[in-house]
Each structure stands twice: as structure tokens, then as C-alpha cells.
Amino acid sequence: MSQKDLESLRSQIDDLNLEILRLINERAAVVNEIGKIKEKQGVNRYDPLRERHMLDLIKEHNQGPLNQMTVDYIFKQIFKTALKQLEADKKKELLVSRKKKSEDTVININGELIGQGKPSFVFGPCAVESYEQVAAVAASIKAKGEKLIRGGAYKPRTSPYDFQGLGLEGLKILKRVSEEYGLGVITEIVTPGHLEEALDYIDVIQIGARNMQNFELLKAAGATNKPVLLKRGLAATIDEFIHAAEYIMSKGNENIILCERGIRTYEKATRNTLDISAVPVLKQETHLPVFVDVTHSTGRRDLLLPCAKAAIAIGADGVMAEVHPDPSVALSDSQQQMDIPTFDAFYETLQKFMKNYEIHA
Ligand code: PEP
Ligand code: MN
């Protein structure tokens, strides 16, 4: 074979490549059209029977030299790629996505504008234990000019024998304290069954890490008109976290705060590993406010302050931390809650930090 023949064959290959390229793109455009029709009909894009039919038809017409296994493989790749592309396009359309809405979502809770540029703060005990306990923390929050309080009435605990929370009684305590001290209440709801009853007592529905993929709870919270604070799951990727928020928004509730609270890793020095870079990732990918819970991410009182500084410096819209009048006798998380003097010092240092860095408090 001469050099000339080789060049001519290569040029033939180039033409064929371009022809294949044109055809797979033409095919992708048709798949797109089909996708739009299926979307309208609300049916699944992947249809295994249709795929079997296509492969059979291809087999019938395959005259070689490629064997059937190879041909099947190539076409399977073409089918898969087209579907993947559709999924990627669909992802761009998520309601929580920055691509869908470029402006930041700002949520007004009891006069506190969350996501407006200045960091917000959510303090309060891990669990509601008594009126006196919550009121002592509330007085300290109010004295600082803050507007929000947290506290769990339903506690999802690792052991069924640990304190499970006061339930409805706890919600009543939160309501009473919120009225007396003028604070907005954030509290965790663990099942859709509690939601309706709880709505009269609370300002923000917290969905905890262990329930981040409780899809029925996400949908039920999405159907209410209360803002939702959604915590990242213990082992959830950022993508799963974003999709959990999408469950809520898909039901019509646009007021969602995302809360990074640490993820489980092999590291034992802290209770969880604070994924600090999740904050800017979430802010880029979504239009929602992003909080950092320094208590559950670190599980260490001595790390609350440096991690809160890091959260603010990296652009978090808020910081959550637990405060208890007497942490050593707390019914949950006694290791990491701040007592009131520690809370005062924590708060004051953060205010100075924000001033120094011209972060408007
Ligand atoms: C909480 O905030 O009370 C709590 C239980 O946190 P998490 O769901 O992040 O563990
Ligand atoms: Mn706790």
C-alpha cells in the first residue's frame, strides 16, 4: 500500500468521523424533543422496552464487520449519553438553583432578614427541658438584640433510651418564651404527623440531619407556609443536600435555609467534620441562605468560636450554636453547649471580629 492510499483512507475516516458526529448530534436533538414531550406527559424518560426494540432493530440490520456485542455496546453508550445529557439539562432547571434565580433569597423571620448580607445568629438549648431553662437563654439572647431562638421539643437520639424531648409540652414552652421575649422560634419536626399541630407554636421548621432524606417530611414541610431550616445529612453529598431542598421547594415553599452541620468522616478529633467549603459551593449553586451549625459539626466547646469565625469569613449567612444555662446537667449534648458567660464572650468576640473585617453586624 502506498503512502498515498493511506492518506486517502485516513481522509475517508475523517469524513466518516464527521458524519458520525453530525448523526449523534442530530440524534441528541431528537432525544431532546422526545424528552420535552415526555416531561409534559409526566412519564419517565428511560423506557427499557423502547430500548430493547431499538437494539433488536439494529441487530436485524447489522451486516458486520463489527460483531453484535460490539455494536450493542456502542449503541448502549449512545443511548446512555443522550439520557445523561437530558439529566444534566434538567439539573440546570432546579428551582433552588442559582441558574433559575440569580438573586439571593432573603427570608424575614421575626424581623430578622436572613440572607441579606449580614450574618444572622440562632442560639438556644439543644433540647427544651423546662420553661426556666429556655427563658434563661432567651433573656440572654434578647439582651444581645438578637431575634431568634432554637430548641428541640422532639429529639432524634441515637439511643431510644436517651431523652426524646418534651414533645408538645416543649412546643408550648417555646411559644410562651417566644411571646414573652419577642423571639422567633426554630424547632425540629421529625414526622409529617406532628407538623400541623406544631405550626401554631413555631416560626421555622427545622429538618434535622437524620431526616434530610425523609422525603415525605420534606414534601409536607414544603406544603406549609413556614420557612424551613434544612440540615445537611450526616453522610449526604452536596448534590443530595441540594436535591433535598428541591423537594421542599417543589411543593411551593421557597423559604429554605440550608445548614451545614458537619459530615461523618474518619476523623475522630471532632464529632463530625465541618465541611466549610460547602458554604461557598452552596452559595454558588443555589440562591438560598446558608448557615453553619458550629455545635453539632465540632462537638467541642473550644472549637465553637474559631469555626464561627471561619463560617462568617467564608460568607455564611448565619451561625447556629447551642446555649444552656447549666450545660453539665443538660439532658442532651452536655459536652458542647455553652453556658451563659461563655455565650456572652463568644458573642462579643464575634461582633468584634465582624467589625474588624467590616462585616456589617
Ligand atoms: C439539632 O440541631 O438539634 C440537631 C439534632 O442537629 P442535627 O440534626 O444537625 O444533628
Ligand atoms: Mn444538640
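Key figures for this structure:
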| quantity | calculated |
| --- | --- |
| Pairs where the first residue, in region 99-128, is farther than 23 Å from G182 by Cα and the second is surrounded by fewer than 19 Cβ atoms within 10 Å (Cβ to Cβ) and not aliphatic (A, V, I, L, M), C-beta under 6 Å, 6+ apart | K99/K92 |
| Among (1) more than 19 Å from P119 (Cα to Cα); (2) under 24 Å from the mean Cα position of the chain (by Cα); (3) within 16 Å of ligand 2 (Cβ to nearest atom), the one test that M320 misses | (1) |
| Residue in region 336-352 that is of a type in the set (A, V, I, L, M), under 22 Å from V281 (Cα atoms) and out of contact with any helix residue (DSSP H, G or I) (no Cβ under 7 Å at 6 or more places or on another chain) present | no |
| When residues of region 180-201 are limited to those that are assigned to a loop (DSSP other than H, G, I, E, B) and under 18 Å from A139 (Cα atoms), the one nearest to ligand 2 (Cβ to nearest atom) | L183 |
| Test: residue in region 205-214 that is within 20 Å of D104 (Cα to Cα), more than 16 Å from ligand 2 (Cβ to nearest atom) and buried (at least 22 other Cβ atoms within 10 Å of the Cβ) | no |
| Out of I149, I173, I141, sole residue that is away from ligand 1 (no atom under 15 Å from the Cβ) and touching a strand residue (DSSP E or B) at 6+ places or on another chain (Cβ under 8 Å) | I141 |
| Selection count, region 312-354, where residues are within 13 Å of ligand 1 (Cβ to nearest atom), within 13 Å of A136 (Cα to Cα) and of a type in the set (A, V, I, L, M) | 1 |
| Enumeration of residues in region 53-65 that are touching a helix residue (DSSP H, G or I) at 6+ places or on another chain (Cβ under 8 Å) and either charged (D, E, K, R) or not in a helix (DSSP H, G or I) (or both) | K59, N62 |
| Odd one out for V281 among (1) touching a strand residue (DSSP E or B) at 6+ places or on another chain (Cβ under 8 Å); (2) over 22 Å from K144 (Cβ atoms); (3) surrounded by 15 or more Cβ atoms within 10 Å (Cβ to Cβ); (4) among the β-branched types (V, I, T) | (1) |
| Restricting region 206-237 to residues that are β-branched (V, I, T) and farther than 16 Å from G151 by Cα, the residue that is farthest from ligand 1 (Cβ to nearest atom) | T224 |
| Residues (within 24 Å of R157 (Cβ to Cβ) and either assigned to a loop (DSSP other than H, G, I, E, B) or among the charged types (D, E, K, R) (or both)) located in region 250-263 | E260, R261, G262 |
| Looking only at region 264-320, and only at residues there that are charged (D, E, K, R) and in a helix (DSSP H, G or I), the one that is farthest from A245 (Cα to Cα) | D302 |
| Cross-chain or 6+ apart pairs with Cβ under 9 Å, region 327-344 first and in a helix (DSSP H, G or I), then more than 10 Å from ligand 2 (Cβ to nearest atom) and among the aromatic types (F, W, Y) | F343/F123 |
| Enumeration of residues in region 207-223 that are touching a Lys or Arg at 6+ places or on another chain (Cβ under 7 Å), farther than 14 Å from N253 by Cβ and not hydrophobic (A, V, I, L, M, F, W, C) | G208 |
| Residue match in region 238-249 (condition: outside any helix (DSSP H, G or I), away from ligand 1 (no atom under 12 Å from the Cβ) and out of contact with any strand residue (DSSP E or B) (no Cβ under 6 Å at 6 or more places or on another chain)) | no |
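Taken together, the values in this text are just the output of simple stated rules run on the coordinates, not laboratory data. Remember, it's a predicted structure, so these values are computed and weren't measured experimentally. Positions of Cβ are generated from backbone atoms using ideal geometry, with glycine treated the same way; all protein chains shown enter the neighbour counts.
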